[in-house]
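See below for the structure under consideration.
The values are calculated or read from the model by the stated rules, or taken from the named source; none is laboratory data. Values in this document were obtained by computation on a predicted structure and should not be read as measured data. Quick reminder, even Gly has a Cβ in these numbers, built from the backbone with ideal geometry, and neighbours come from all protein chains shown.
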Amino acid sequence: MERSIRKFISTATLTVTLAVAVASCQKDQKEQENAVSDAKVTTSQSNAFSLPMFPICSPIPEILNVEKGNKLVLQTFAKGFQIYEVKRSTTDPSVFSWVNIAPLADLYTRPDFTNQVIHHFAGPSWEFIKGPEKGERVVATKVQGVTQDESAIQWLLLKADPARSTPNNKITFIQRICTAAGLAPTTGADEAHLGQLDSIPYTASYLFYEKE
């Protein structure tokens, strides 16, 4: 994959540009997806899911706990990229760094990354592509983050923002856990590379909650 992508001017442009840039990387991944009917995909507790779907990689820190009155309704397994851009410091023009600007990943109901149900992109946003919630989008803001592994991106607690989500969205909170890789590049952050983008592979598990 090319490590330089023309700088975008809007979130929409970013999503399209990055989707094209990583299309070749995702081709093999998508060819492995199982064909599953929409009727088997849901975001509420039912016979389609048995919670928890698999043992959590390690206990979730208390600081990432979801508020009482919310219930876990879906666990997914993500495979994709964290997108970084070389930016100039707003306080020191001589300092440059890689800044995370968006995720780009697909979320699956199975830990072997099959049965895709959600697309994850800038916002951060999660859009359901199957089942009763198909077309619904939740946009969230970070509440808290914890570094569980120095070689991976943080575990997160995020809260849905009703003003930016679709009107019928039911998701209230999202936890990102069990992360692997995805950290920013360690070299190349300088004036010569200002505006350069890089896509760093990562995996994680996302837990979705609704009001009880």
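Residues that are more than 20 Å from K159 (Cα to Cα) and either of a type in the set (A, V, I, L, M) or at pLDDT 95 or above (or both) within region 118-133 comprise just one, I129. Within region 195-212, residues that are touching a residue at least 60 places away in the same chain (Cβ under 8 Å) sit with their Cβ atoms under 7 Å from residues that are assigned to a strand (DSSP E or B) and of a type in the set (K, R), at 6+ positions apart or across chains, in these pairs: T203/K79; A204/R176; Y206/R176; Y209/K71; E210/K71; E212/K71. If you go through region 113-149 one residue at a time, how many are among the acidic types (D, E), more than 18 Å from I63 (Cα to Cα) and either in a loop (DSSP other than H, G, I, E, B) or over 15 Å from the mean Cα position of the chain (by Cα) (or both)? Final tally of qualifying residues: 2. In summary, A163 fulfils each of the numbered conditions (1) in a loop (DSSP other than H, G, I, E, B); (2) of a type in the set (A, V, I, L, M, F, W, C); (3) surrounded by 15 or more Cβ atoms within 10 Å (Cβ to Cβ) with the single exception of condition (3). If you check I171, I177 for being in contact (Cβ under 8 Å) with a residue 40 or more places away in the chain, touching a strand residue (DSSP E or B) at 6+ places or on another chain (Cβ under 9 Å) and either more than 20 Å from N100 (Cβ to Cβ) or charged (D, E, K, R) (or both), only one passes: I171.
If you filter region 70-116 down to residues that are surrounded by fewer than 18 Cβ atoms within 10 Å (Cβ to Cβ) and under 17 Å from Q175 (Cβ atoms), you find that the one that is modelled with the lowest pLDDT is P111.
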